[in-house]
Each structure stands twice: as C-alpha cells, then as structure tokens.
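Data block below; observations after.
The values are calculated or read from the model by the stated rules, or taken from the named source; none is laboratory data. The model shown is predicted, which means the values in this text are computed figures rather than measured ones. When we count neighbours, we look across all protein chains shown, and the Cβ atoms used for this are built from the backbone with ideal geometry, even at glycine.
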Amino acid sequence: MTRPKLAVWKFASCDGCQLTLLDCEDELLAIAEVLDIARFLEATSSIKDGPYDISLVEGSITTAHDAERIRSIRDQSQTLITIGACATAGGIQALRNFAGTQWSTRKYMNMTPLFADQTQGAVVA
C-alpha cells in the first residue's frame, strides 16, 4: 500500500513553525512511518515531485511570485493546511499591505545605526 505524500512549504517567515515540527522528534519519526515525507527542506534536501496528499504551508505570501507558487501548490495538493500566524493571517510581514512603504522610508532613511555590542573597554585575550 502506498503511503500518503506529505510536503512542507516555506514562504516569507522565520522558519519557526518548521523548526517546531522538527522539535517533535519522536512524533515526526512516527509520522514518517505512515506518511511519505516527500518534501521538507528544513529536514532534508530530498524532494519528490507531487501531487501531494497533504501540504503544510508556513509563511506569508508577500510577492506576485509567491501568489503563483501557492496556487501551484494548491493545484497539486489534495489537502492544504496553513501552519502558524504568518501563513494563517499574514504575520508581521502582512502589515506592510496596510501602510505601503513611504512611512518606513521617511522614518528610517536618515537613522543613526545603534549597535548593541559596545566594544569600548572590552578585554581582548
């Protein structure tokens, strides 16, 4: 019997959701026994082409290219599940859709850099 194919996809994000999946080590091993993990680049460079039975999507759709990609993923996936705030509600990246970019250019164009790592008085061995 053929195992259902699982794919995990990344868009604009910090990779936190995929790392959380990887942290579920024992559970992930159990899942790997019943599902064919066909695509999960955070875990392996091995990729099997679709179609996929289940696709997990992490990250925000932030560009026209991303929109094309997610449509293609949807077309080749029987079930598509979003994981995390970025994929589900746009995450922090989605805020730019409400304000454009002029505000950030005006506010941060002439900013003086702030460095948290002050080296004055540091002892160098």
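Is it fair to say ASP15 is free of Cβ contacts under 8 Å to residues at least 12 places away in the same chain and surrounded by fewer than 17 Cβ atoms within 10 Å (Cβ to Cβ)? No, not satisfied. Checking each residue of the stretch 39-51 against the condition of being crowded, with 18+ Cβ neighbours inside 10 Å and modelled with pLDDT of 90 or more gives at least one match. Residues of the stretch 26-56 that are part of a strand (DSSP E or B) and of a type in the set (Asp, Glu): ASP36, ASP53.
Residues of the stretch 82-97 that are surrounded by 12 or more Cβ atoms within 10 Å (Cβ to Cβ) and among the hydrophobic types (A, V, I, L, M, F, W, C): ILE83, ALA85, CYS86, ALA87, ILE92, ALA94.
If you go through the stretch 57-67 and pick out every residue that is in a loop (DSSP other than H, G, I, E, B) and either over 23 Å from CYS14 (Cβ atoms) or under 12 Å from the mean Cα position of the chain (by Cα) (or both), you end up with 3. Tell me, please, whether a residue that is in contact with a Cys (Cβ under 8 Å, 6 or more places away or on another chain) and not in a helix (DSSP H, G or I) can be found in the stretch 77-86. Yes. From the list ALA7, ALA43, ALA64, the one residue that fits, being touching a Phe, Trp or Tyr at 6+ places or on another chain (Cβ under 6 Å) and not basic (Lys, Arg), is ALA7.
Residues that are under 24 Å from ALA67 (Cβ atoms), of a type outside the set (A, V, I, L, M, F, W, C) and not in a strand (DSSP E or B) within the stretch 1-21 comprise SER13, ASP15, GLY16, GLN18, listed in sequence order.
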